[in-house]
Amino acid sequence: MSAPTKARTSWIWFVIGLVLVGGIAVFVTLTIVNSGAVPTPRPTSSSAPVTVSPTPTSDSVDTPNGCLGGETRDSRMLVSAVSQAAQNSDGAVEVAASFVRWIQRFPYPSADEALDIEASALSSESFTDDLVQYLADQPDLSGGIVDPGESYWMSTVPGVWHVESAAADRVEVTIGTGFVIDGALSPTLRSSITITLVWEGSGWKVAEADGTRTTEELYSIGERFDGGC
């Protein structure tokens, strides 16, 4: 085995770090086993390897399942999640997970969907005041993990969640999801995004989306979704 080849196959992990994309910040972790070229998004940190298997949840039957609103990833799913979620931290977790599933994908949501979500799922002081334009600018919400033009979406099947803080009308929760690229769930690619939700009107609305925890941190403390989709 040549030295370059040996070096490539010795990669076990690589932390992409914090990727800031037009108001949404997300940590993306790439775990590599016997791979070739490594994608090179702008890294900002590195640390211990991510624990791909999340920590077990409690035995509570009320554990969020990451699928509130349904298994589709259209605006009806997210609007339904907002309307169904209870005014507690579990309800906020479900809306946050639904929001991640809705927005972090390619092809992007349509302009009509963005208008629906802007009116129904974003707070009055959200991370953007023009969601249609935000998506029209084609932000790379994969953090460089997925090639331009390649289809992908995020799954809560290997996902975890962690409530950072909670009050009656404001919850901050970090959501971990797995990349599904060209229809195949990756065994190694994970992302982490912290969603701040506020209770406005009669539902949880998304106010902020930040990268506050690395993916490996999240997966070391997070609770599994009960099933996921």
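The values are calculated or read from the model by the stated rules, or taken from the named source; none is laboratory data. Predicted, not measured: the structure shown is a model, and the values here were computed from it. Here the Cβ is made from the backbone with ideal geometry for all residues, glycine too, and neighbour counts use every protein chain on show.
Observations
- Residue in the range 159-170 that is farther than 21 Å from residue 86 by Cα, of a type in the set (Ser, Thr, Tyr), under 19 Å from the mean Cα position of the chain (by Cα) and assigned to a strand (DSSP E or B) present: no
- Only a single criterion out of (1) assigned to a helix (DSSP H, G or I); (2) within 25 Å of residue 164 (Cα to Cα) is not satisfied by residue 69, namely (1).
- Some residue of the range 178-200 being in a loop (DSSP other than H, G, I, E, B), at negative phi and more than 17 Å from the chain's Cα centre (by Cα): no
- Residue that is farthest from the chain's Cα centre (by Cα), among those in the range 201-229 that are at pLDDT 95 or above and basic (Lys, Arg): 205
- The range 109-129: number of residues that are at pLDDT below 95 and either touching a helix residue (DSSP H, G or I) at 6+ places or on another chain (Cβ under 6 Å) or part of a helix (DSSP H, G or I) (or both): 1
- Residue match in the range 112-127 (condition: out of contact with any strand residue (DSSP E or B) (no Cβ under 8 Å at 6 or more places or on another chain), surrounded by 20 or more Cβ atoms within 10 Å (Cβ to Cβ) and small (Gly, Ala, Ser)): yes
- Residue selected from the range 130-158 under the condition of a type in the set (Val, Ile, Thr) and either out of contact with any Leu (no Cβ under 7 Å at 6 or more places or on another chain) or not in a strand (DSSP E or B) (or both), by the criterion surrounded by the fewest Cβ atoms within 10 Å (Cβ to Cβ): 132
- Taking every residue in the range 192-203 that is closer than 20 Å to residue 101 by Cβ and pairing it with any residue that is assigned to a strand (DSSP E or B) and among the acidic types (Asp, Glu), at least 6 positions away or on another chain, the pairs with Cβ-Cβ distances below 6 Å are 194/210; 196/172; 196/208.
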